[in-house]
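The values are calculated or read from the model by the stated rules, or taken from the named source; none is laboratory data. Please read all numbers here as calculations on a predicted model, not as lab measurements. Counting neighbours? That spans all protein chains shown, and the Cβs are built from the backbone with ideal geometry, glycine included.
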Amino acid sequence: MKVLLYINGSSENHGCEAITRGTVNILKDDNITLKTSSPNLVAEKKFKTTDVIDYTQFKAGGKLWYPFAVCNKLLGKSLFKPKYQNFKKIYDGCDIGLSSGGDNYCYGNPEWIDVRNTELKKHGIKIVLWGCSIEEKIVKDPKVNEALKKYDVIIARESKTYNFLINNGIDKNVYLIPDPAFQMEVGKTELPENFIEGNTIGFNVSPLVQSLQNGKDTVYKNCYALIEHIIENTDMNIAFIPHVVIDGNDDLTPLTHLYNKYRETGRVCLINSDRSLNAPELKYVISKCRFFVGARTHATIAAYSMHIPTLVLGYSVKALGIAEDIFGTSEGYVVPVQNLNDNDLKDAFINIMNSEEKILNHYKDFMPSYSKKAKEAKDILLNHFGK
């Protein structure tokens, strides 16, 4: 069985890398050949994902496509469809296409995905939406709803999305399985100065959550309040941990600002400032923390999977859904960035800190079986499409 993982981003987004690596680990089988593509093979070689999966460089549109893309943007309609220059070379010989779900359907109607899906179906390739989160209003969009029904199998990564799909007429061959990143390995790396193993708070914030804040500098104000509380009232240090290092969407931008603001305290460190660590190595760093506060979904998945008490600065169904599946509720475990007041992050973290023992006991009882369940995605593929 030849399987293509597509619609996945560059490993400069270590969440995309975590999906790739987790998928490789889930589908390990003598009878399964897995390959993928990336727009940036330099990044894949740098982060060593080329060591675990076969890559083809993906070229979309090219310079001649740009004027048409601008027209689509200005008109607010997808009147012009992109042509993917070497997509046939990528999928040629494949039996199954895994459309890396993630949050690709969280931001409107991604017609560019439908273009690729249509081509795969035309060539007899079965398509699977692999580990998705989708907002209910998007599921209800007639065009998206119709596009979703074209998938042969859909695997939702949290219950909220699963229920949105089932309740809106997408109820054939739909499964609930944890994100594949729960099966990503850990890669050992050195810990920096000022990182106290077992007594450091991992801290991740992103430009994306800043763009969704409900007031000027609300995210920064919350970060300041929390960091100052930690420094003044605990003996824990803080490690700023970026999980996406893409130009224009680089976690190092806000995290470097925070690091510089508090570096003179001697209580903070900045991880991966040279952008050299890959997703397994970042997971290792997170595993050595005592607590984790994070905005990036796959940074929080790394923390959950390593049994680190975690507070999520969330903005969508994926954060709420994953937390609800793990804890039975998102309340107290996810702080919605759109409704953030100045001390919300600090207050929520104090509650997490006070619940440390309870959370650790819950992880011990719950997380092994939950993480293991991600492996069941392989059985779903084999049951539907044979060996």
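Values as computed for the structure displayed
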{"quantity": "Matching entry among 182, 164 (being in a helix (DSSP H, G or I), aromatic (Phe, Trp, Tyr) and crowded, with 23+ Cβ neighbours inside 10 Å)", "calculated": "182"}
{"quantity": "Residue within region 273-284 that is outside the structural domain of residue 15 (by TED's automatic domain parsing), of a type in the set (Lys, Arg) and crowded, with 24+ Cβ neighbours inside 10 Å present", "calculated": "yes"}
{"quantity": "Test: residue in region 134-145 that is in a helix (DSSP H, G or I) and touching a His at 6+ places or on another chain (Cβ under 9 Å)", "calculated": "no"}
{"quantity": "Residue satisfying condition, being at pLDDT 95 or above, on the phi < 0 side of the Ramachandran plot, in contact with a His (Cβ under 6 Å, 6 or more places away or on another chain) and not hydroxyl-bearing (Ser, Thr, Tyr), within set 257, 243, 298", "calculated": "243"}
{"quantity": "Options 66, 6: the member that is over 23 Å from residue 281 (Cα atoms) and at pLDDT 90 or above", "calculated": "6"}
{"quantity": "Unique match (being without any contact (Cβ under 8 Å) to a residue 24 or more places away in the chain and either in a loop (DSSP other than H, G, I, E, B) or over 25 Å from residue 28 (Cα atoms) (or both)) among 358, 372", "calculated": "358"}
{"quantity": "Residues that are of a type outside the set (Gly, Ala, Ser) and surrounded by fewer than 15 Cβ atoms within 10 Å (Cβ to Cβ), drawn from region 319-346", "calculated": "329, 331, 338, 339, 341, 342, 343"}
{"quantity": "For residue 29: the one exception among (1) out of contact with any strand residue (DSSP E or B) (no Cβ under 6 Å at 6 or more places or on another chain); (2) within 26 Å of residue 114 (Cβ to Cβ)", "calculated": "(2)"}
{"quantity": "Region 185-228: number of residues that are within 30 Å of residue 377 (Cβ to Cβ) and assigned to a helix (DSSP H, G or I)", "calculated": "2"}
